[in-house]
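> Shown below is the structure under consideration.
The values are calculated or read from the model by the stated rules, or taken from the named source; none is laboratory data. All values derive from a computational prediction rather than experimental measurement. In this analysis, Cβ positions are derived from the backbone assuming ideal geometry, glycine residues included, and neighbour counts consider all displayed protein chains. Quick note on the areas: whole protein, heavy atoms, side chains included, nothing else; ligands and nucleic acids left out. Shrake-Rupley method; radii C 1.70, N 1.55, O 1.52, S 1.80 Å.
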Amino acid sequence: MLTQEFRDGILLASLPETLRTLAQSLGFARMGVARAEAFGVEADRLRAWLSDGRHGDMKWMAQTAEVRADVTHEGMLPSARSVIVLATPYARDAGRVGPAPGRVARYARGRDYHNVLHKRAKKLAALLRENGHAARISVDSMPVYERAWAERAGLGFIGKNACLIIPGLGSHVLLTAIVTSAELPASERMGERCGTCTLCLDACPTRAFKAARELDARRCISYLTIETRDSIPEELRPEMGDWIFGCDACQDVCPYNKTALPPEGATAPFAASERWQRVDAEGLLQMDAEAFAAFAHASPIQRPGRVGMARNAALVLGNSRDKRHLPVLRDVAQRDSSEVVREAAAWAAARLERQT
Ligand code: B12
């Protein structure tokens, strides 16, 4: 039901055209549309992933599985007719950024993308509502299966690293979805384009891929540094290397990320914040709750909290092969208020002491 409206005899741009123009002006690099319906094979894969326990402690994924499987579910939007998916590149310059010797994943070095993208998407949702349509926005934290919708909406294909890859832009993109009752023309899907390449699967430091596109989150460094609140399994700690928040290992090797960098302006909100020059891993390890709250303000690193980031910092120092960190680690192992942090610091100190 595409409306063709004339005002004073001038043909007004149709709603899809207006949405696309507005999306571009808001800084979204790509926009695609898929017909809203219950997922088939994608839902089976999600259920298989959950029944395998590959979601680990992310109980919220299991609790919302049926809503993720079907956007017309009462938990989302029963009147849904279309899902708009938008992609935004983030800075992927080669530099290492993080509290030395720690390294932070590229998507998390600047401002918190949930806030940046939600603010932009609200303008698109307002336009839909002005035209009499319902609209619900999802930026990561809503029960919307964003990657599967991005693939259906023709934005890109799902790589063997389970990431949505957009030829010309790569996989260093963040997704925003808008579920709406507006009936919009669907975009054409793009077939998968990995071919025989397995660089990502081979590059994963913790061998988290059970098979192509099948990630076991319990072994994924991104999950271990961000989503787990407890101790990290000992056998995985040495493999985590210097990743202190998130991990880009399976993306950095991808040939599709060897394309030209996105224009600076397009990624400005995600450019590395100066906070990373202000503190090193020892400093992060010794922060109290107040100092951490101030340091992590408006950054994705708020998610693991002080305990999670101090634990990660201890493990990074344990992997640094640098004995100068021993005094701080021994002190934290004695006096930190968290058992998880004390144990991680003790493990790190013992590892450095063993190293010749
Ligand atoms: C839970 C979650 C995580 C978990 C689990 C990841 C995972 N693969 O499931 C953890 C914490 C590990 C994680 C890590 C990351 N995440 Co995350 N995450 C999510 C979240 C909330 C749900 C993902 C989900 O539904 N997983 C369920 C499983 C079954 O899906 P899947 O593994 O993605 O599998 C897909 C395909 O592989 C395929 N598939 C699955 N099994 C099979 C089997 C076969 C045979 C085939 C053919 C296909 C296939 O179907 C799925 C959908 O297409 C989404 C936001 C959202 N609301 O959707 C963000 C999201 C996927 N994450 C995102 C990002 C940026 C990341 C990281 C890159 C961050 C980082 N640098 O550390 C890493 C990448 C890890 C990886 N290689 O997937 C972006 C995606 C960006 C992109 N270009 O793909 C999202 C969309 C957030 C956003 N709004 O931008 N994430």
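> When the range 104-137 is examined, which residues are found to be of a type outside the set (A, V, I, L, M, F, W, C) and part of a loop (DSSP other than H, G, I, E, B)?
Answer for the range 104-137, where residues must be of a type outside the set (A, V, I, L, M, F, W, C) and part of a loop (DSSP other than H, G, I, E, B): Arg109, Gly110, Arg111, Asp112, Asn131, Gly132, His133.
> For the range 142-186, give me each residue that is of a type in the set (Gly, Ala, Ser) and more than 7 Å from the ligand (Cβ to nearest atom).
Ala150, Ala153, Gly154, Gly156, Gly159, Gly168, Gly170, Ala177, Ser181, Ala182, Ala186
> Would you be able to tell me the number of residues in the range 50-104 that are in contact with a strand residue (DSSP E or B) (Cβ under 8 Å, 6 or more places away or on another chain) and of a type in the set (S, T, N, Q)?
Residues meeting the conditions: 3.
> Give the residues of the range 250-283 that are farther than 12 Å from Pro101 by Cα, assigned to a helix (DSSP H, G or I) and either without any contact (Cβ under 8 Å) to a residue 40 or more places away in the chain or open to solvent by 20 Å² or more (accessible area, probe 1.4 Å) (or both), sorted by residue number.
Cys250, Asp252, Pro255, Tyr256, Glu264, Gly265, Ala266, Ala268, Pro269, Arg275, Arg278
Yes or no, residue by residue, for (1) assigned by TED's automatic domain parsing to the domain that holds Arg30; (2) of a type in the set (S, T, N, Q); (3) in contact with a Gly (Cβ under 8 Å, 6 or more places away or on another chain):
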site: Arg111; (1), (2), (3): yes, no, no
site: Leu117; (1), (2), (3): yes, no, no
site: Lys122; (1), (2), (3): yes, no, no
site: Ala125; (1), (2), (3): yes, no, no
site: Asn131; (1), (2), (3): yes, yes, no
site: Ile137; (1), (2), (3): yes, no, no
site: Asp140; (1), (2), (3): yes, no, no
site: Pro143; (1), (2), (3): yes, no, yes
site: Ala148; (1), (2), (3): yes, no, no
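> A further question follows. Evaluate the following for Tyr113: is it open to solvent by 10 Å² or more (accessible area, probe 1.4 Å) and under 15 Å from Thr225 (Cα atoms)?
No.
> When Val316 is evaluated against the numbered criteria (1) buried (at least 19 other Cβ atoms within 10 Å of the Cβ); (2) in a loop (DSSP other than H, G, I, E, B), which criterion, by number, is the only one it fails?
(2)
> Within the bounds of the range 123-136, is there any residue that is closer than 24 Å to Leu261 by Cβ and either open to solvent by less than 50 Å² (accessible area, probe 1.4 Å) or in contact (Cβ under 8 Å) with a residue 12 or more places away in the chain (or both)?
Among the residues of the range 123-136, not one is closer than 24 Å to Leu261 by Cβ and either open to solvent by less than 50 Å² (accessible area, probe 1.4 Å) or in contact (Cβ under 8 Å) with a residue 12 or more places away in the chain (or both), which makes the answer no.
> Name every residue in the range 188-242 that is aliphatic (A, V, I, L, M), farther than 25 Å from Ala100 by Cα and more than 9 Å from the ligand (Cβ to nearest atom), in order of residue number.
Within the range 188-242, Met190, Leu199, Leu201 meet the criteria.
Residues are listed down the side, and each one gets a yes or a no for (1) closer than 17 Å to Arg20 by Cα; (2) among the hydrophobic types (A, V, I, L, M, F, W, C):
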site	(1), (2)
Arg147	no, no
Arg152	no, no
Cys163	no, yes
Leu169	no, yes
His172	no, no
Ala177	yes, yes
Gly191	no, no
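> Still on this structure: Considering only residues that are over 22 Å from Trp243 (Cα atoms) and touching a Cys at 6+ places or on another chain (Cβ under 9 Å), which ones fall in the range 195-212?
Cys197, Ala212 - these are the residues of the range 195-212 that are over 22 Å from Trp243 (Cα atoms) and touching a Cys at 6+ places or on another chain (Cβ under 9 Å).
> Of all residues in the range 26-73, which are in a strand (DSSP E or B) and among the small types (Gly, Ala, Ser)?
First, pick out the residues of the range 26-73 that are in a strand (DSSP E or B): 30-35, 38, 70.
Selection gives Gly32, Ala34, Ala38.
> Among the residues of the range 31-54, write down those that are among the basic types (Lys, Arg) and near the ligand (Cβ under 10 Å from one of its atoms).
Matches in the range 31-54: Arg45, Arg47, Arg54.
> Out of (1) under 30 Å from Leu261 (Cα atoms); (2) modelled with pLDDT of 95 or more, the odd one out for Asp93 is which?
If we test Asp93 against (1) under 30 Å from Leu261 (Cα atoms); (2) modelled with pLDDT of 95 or more, just (2) comes out false.
> Every residue in the range 178-192 that is farther than 15 Å from Ala29 by Cβ, open to solvent by less than 50 Å² (accessible area, probe 1.4 Å) and touching a residue at least 60 places away in the same chain (Cβ under 8 Å), please.
Once the filter is applied, which keeps residues that are farther than 15 Å from Ala29 by Cβ, open to solvent by less than 50 Å² (accessible area, probe 1.4 Å) and touching a residue at least 60 places away in the same chain (Cβ under 8 Å), the range 178-192 yields Ile178, Val179, Thr180, Ser181, Ala182, Leu184.
> Kindly establish whether Asp140 is surrounded by fewer than 21 Cβ atoms within 10 Å (Cβ to Cβ) and assigned to a helix (DSSP H, G or I).
no
> Can you name the residue in the range 146-162 that is among the aliphatic types (A, V, I, L, M) and more than 13 Å from Met31 (Cα to Cα) and is also most open to solvent (accessible area, probe 1.4 Å) among such residues?
Ranking the qualifying residues of the range 146-162, first place goes to Ile158.
> Further, regarding this structure: Those residues that are assigned to a loop (DSSP other than H, G, I, E, B), in contact (Cβ under 8 Å) with a residue 24 or more places away in the chain and more than 32 Å from the chain's Cα centre (by Cα), I need them from the range 336-356; list them, please.
Gln355
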